[in-house]
Structures are given as structure tokens and as C-alpha cells.
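The values are calculated or read from the model by the stated rules, or taken from the named source; none is laboratory data. Computed from a predicted structure; not experimentally measured. Cβ placement follows ideal geometry from the backbone for every residue including glycine, while neighbour counts extend to all protein chains displayed. The accessibility values were calculated without ligands, DNA or RNA, using every heavy atom of the protein model including side chains. Shrake-Rupley method; radii C 1.70, N 1.55, O 1.52, S 1.80 Å.
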Amino acid sequence: MSRHIFAHARAVLPDRVLDDALVVVEDGTLVEVVEAIGGTVPAEARDLRGALLIPGIVDTHSDALEKEQRPRPTVEFPPEFAVASFEGRVRAAGVTTMHHAVSYQTHVLKDRTIERSLALAGAVLERAAGGVALVDHRLLHRLDARDAEALGVLRRALDDLTPDGAAPLVSYEDHTPGQGQYRDLDSYRRMIQDQEKISAEAAEAWVRRRIAERADGIPQRAVALEFLSERATSGRIRLLAHDVENAEEVARVRRAGAAVAEFPTTVAAAVAAKEASMPVVAGAPNVLRGGSHSGNVSATELIAAGLVDNLSSDYMPTTLLAAALHLARQRVVPLHRAVGLITSGAARTAGLADRGALVPGLRADLVLVTADGDQQTVRMSLLAEESRDDSDAPVSVARLLSAVGGY
């Protein structure tokens, strides 16, 4: 049996912070998290010298893999390379469980096609099954509610999945201008104007054309929700409702089996989701930027009101840790609650009961962090598998900690 002891860490627990903690890991599982009594620790303990120790970060929604594969519109790397390259960035950001958001749609503005999405999804699953990954790779399946072709592709993708003990995450969304994420048409028009470098009049025409093009897809939205409802209520998927706008929409998707409210666009929608016992997901970039880039509700406002369970990175994984520590520094919420938004809260959102907290019996996914003012540095990320002596993991505890001593 492998056994590793970490001493003198500032450990963030679900309900408090231990300023001088002793953490014991056996075979990749946390077995003890206590205060170091009287400063006496076992001789074999590794001294973490007061650095912050948190659970491995769980990201429930990241679109960033798309940009890793196609950093420019005319540059494309093989999907297998993109996944391997991206996981290094993710690991360095303290993320140990990553849900890659794969959109089954063709979207010219976002440089997205169904074929490319399927290839990325295949590469993620291959990397996850290969036994060499630096993070736990998972998928978040995104469905454009008005796209009949996308629904067919999603159906086949779900049918082809190998069960792994957790219901697949599926996000139901409608990005037609004028509702959901883009309910504020003025903000959307300005975004299009800036992205496309066109006049206000041309952007207005573009928006109106986009709305008209998608009008025929309204009946398909009901078809898609019916399919997802059947899967969700039978426990075959975990359904996330994306960009819910008001209490009526929350009630509708809840009746359809939605378990999670992703990125509510208003306070009213977040309140309704909480009252319906639905975990609420907000965006970490929204916290760091001080507001929504789409003109929707401030994530910090929702967090201060106790309406958010989970922050996801949306499009930039490095924002997760930074947003949590920013919330604590600004005293929006205490440190343990801020860290919970990217760890235990995120694990609950994803339906993963085996991780996300420094609690005996859970996976020993660990992240060691130092901070200098408003900047933080991840000194070590550790997957549970890497602390098992018989593991095939490419990184070991001893190797990781040999690089930590110099901070």
C-alpha cells in the first residue's frame, strides 16, 4: 500500500480552512485531514511550508479545446495533438477534472463544424482511455436546440458512449439572438460589430438576418427537448439548461428533467433555479472581468446573494483559481466557499461524488498554490492515480514535489 503524508499546508476544507494541516493519502485516497498538533509531524512527511492546499479543480464547462486545435481560422492541428497540448495548460491551472464542451453544430461565426466537433470528442475519449492523461478528461455534450442534424449526431454520440459510472452531461441551448445568452440585442449587435469590423447598420442587418434564418427551427426545439427529457428522466443523461432567462423557463426545463441551470442570465432565473433545487453554474471570466460580456447578470452579484453553486471556466481554464481567490480577497465569500465553487460545488454539478473536497474517503486529487498579492501560482497538481505505487501514471508524487521545494 502506498502512503504519502503532507504537512504544514493551509488546507481548504468544505467548511473552514486549517492553517496548519496534516494530510495523509493512501493508495490515491484521502484517509486523514487534521490539524498538525503541536507542530509534531511524522519524519516522512513532506513539508508544504504554508502553501495553500485545495482539492483538484473540476471544470464543468470549457470551450477552450476548440481554440487549442484552431488558434487561427487558417491554422488547424490534429485533434489528438490539441488534446495532449491542452491538458498541459489545464494541469498547470490546477484543473484535474475537465469537461470539454463539444458542440454538435455548424456555426460559421464560431469557426465550428459538426465534423470537427466529432473529431475532438473522439480524441478526448481516446486520451481518457489511454492511461497516460495528466487530467481526467470528460465530455459536456452541447446541443443547439433548433438544429435537427445536431440532434441526430448527439443521439448517435450518446449511444456510442461506454458507461463509466457517471451520467453524461448534456447542455441544452438556443443561441438565437433576442433570448438566452443573447437576449440583450444591443449588446449582441455591438459584439458582432466589433468582431466583424462592420458598421452599426451592417451589424443590425446581420442580427436580423440571423433571427430570420433560425425562425424555422422553433418546432425543432420542442423535438429536441422531448428527446432530452426522456433521456434525463430515465437517468441516462444529466441535463443542463443553458442560459435560462426567467422563472417560467426554469420551470419548463425542470419539468423536462433538467438537473442544472447553466449561466442564468438574470437574478430571477437564478432564484427560480435555486428554489427548484437545481445547482447554478456561473462563469469564472464573468467574475474576473467584473461582469458579463453579453450584458447579462453579474456572476459576482449572484455569488454574493448565495445563488451560485459552481463556477466553470467557459472559455479560459486559468480563470477558475483566479476567480475563486479574487472572490475571497474581495470578501464576497469566505475562502472555503470560494474554493468550493470550483471544487466540491463543481463535482456535485457534474454528478461526481468521489472528488472535490479534502475529506477522508474521497480521491486525493490535490493542488498546491502560492500567492503573491493578487497573483497565484500552481506549484503542484496531483491526480489520485499518481500517488499509487502500482500506478502506470507518468508522474509520481516524489517527482512532483522535488520541483516544489524552491518556492
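Taking every DSSP beta bridge that has both residues in segment 1-158, what percent is antiparallel when rounded to the nearest 5?
On the way: 16 of 31 bridges.
Here the share of antiparallel DSSP bridges comes out near 50 percent.
Round to a whole angstrom and tell me the spacing of the C-alpha centers of segment 227-242 and segment 250-305.
With segment 227-242 and segment 250-305 each reduced to a Cα centre, they are spaced 19 Å.
Can you find, among A232, A222, N246, the residue sitting farthest towards the positive end of the charge dipole of segment 214-256, where Lys and Arg contribute +1 and Asp and Glu -1 at Cβ?
Farthest towards the positive end: A232.
How far, in nm, would the chain grow between D15 and D374 when pulled straight, counting 0.36 nm per residue and subtracting the alpha carbon separation?
126.9 nm
Can you tell me the FRET efficiency between F77 and T233 if r is taken as the Cβ-Cβ distance and R0 is 30 Å, rounded to the nearest 0.05? Intermediate results must be reported in sequence, preceding the final value.
Numbers: r = 40 Å, r/R0 = 1.32.
According to the calculation, E is roughly 0.15.
So how do 275-286, 69-80, 7-18, 150-161 stack up, highest first, on mean other-Cβ count within 10 Å?
Highest to lowest by the protection proxy: 275-286, 7-18, 150-161, 69-80.
How large is the charge dipole for segment 80-173, taken about the Cα centre, if only the Cβ atoms of Lys, Arg (+1) and Asp, Glu (-1) carry charge, to the nearest 20 debye?
Details: 11 positive and 13 negative charges, 47 e Å.
Magnitude of the dipole: close to 220 debye.
If you take every DSSP beta bridge whose two residues both sit in the chain, what share of them, in percent to the nearest 5, is antiparallel?
Numbers: 28 of 61 bridges.
Percentage antiparallel, nearest 5: 45.
How do E386, E26, E230 stack up against each other in accessible area, from largest to smallest, with a 1.4 angstrom probe? Walk me through the numbers before you get to the answer.
Details: E386 10, E26 40, E230 90 Å².
Ranking E386, E26, E230 by accessible area, largest first, yields E230, E26, E386.
Cβ neighbours within 10 Å, averaged per peptide: list 87-93, 237-243 in order, most packed at the top. Please report the intermediate quantities before stating the final value.
Values: 87-93: 18.9, 237-243: 25.0.
My ranking of the peptides, most packed first, is 237-243, 87-93.
How do 30-36, 338-344 rank on mean C-beta neighbours within 10 Å, highest first? Each step should come with its number before you reach the end.
Working: 30-36: 15.4, 338-344: 27.7.
Per-residue mean Cβ counts within 10 Å order the peptides as 338-344, 30-36.
How large is the dipole of segment 27-74 about the Cα centre if only Lys and Arg carry +1 and Asp and Glu carry -1, each at its Cβ, rounded to the nearest 20 debye? Numbers along the way, then the final one.
Details: 5 positive and 9 negative charges, 72 e Å.
My answer is approximately 340 debye.
Between T40 and R255, with labels modelled 7 Å along Cα→Cβ, what's the label distance in nm to one decimal, could you check?
Output for this residue pair reads 6.5 nm.
What number, rounded to the nearest 500 deg cm²/dmol, is the helix-based mean residue ellipticity at 222 nm of the chain, given -39500 (n - 2.57) per DSSP H run of at least four residues and division by all its residues?
-11000 deg cm²/dmol, from helical runs alone.
Sorted by accessible area (1.4 Å probe), largest first, how do D136, D27 line up? Please list the in-between numbers first.
Working: D136 35, D27 65 Å².
Largest to smallest exposure gives the sequence D27, D136.
Any chance you could check the Cα centroid distance between segment 51-99 and segment 137-159 for me, in angstrom?
With segment 51-99 and segment 137-159 each reduced to a Cα centre, they are spaced 21 Å.
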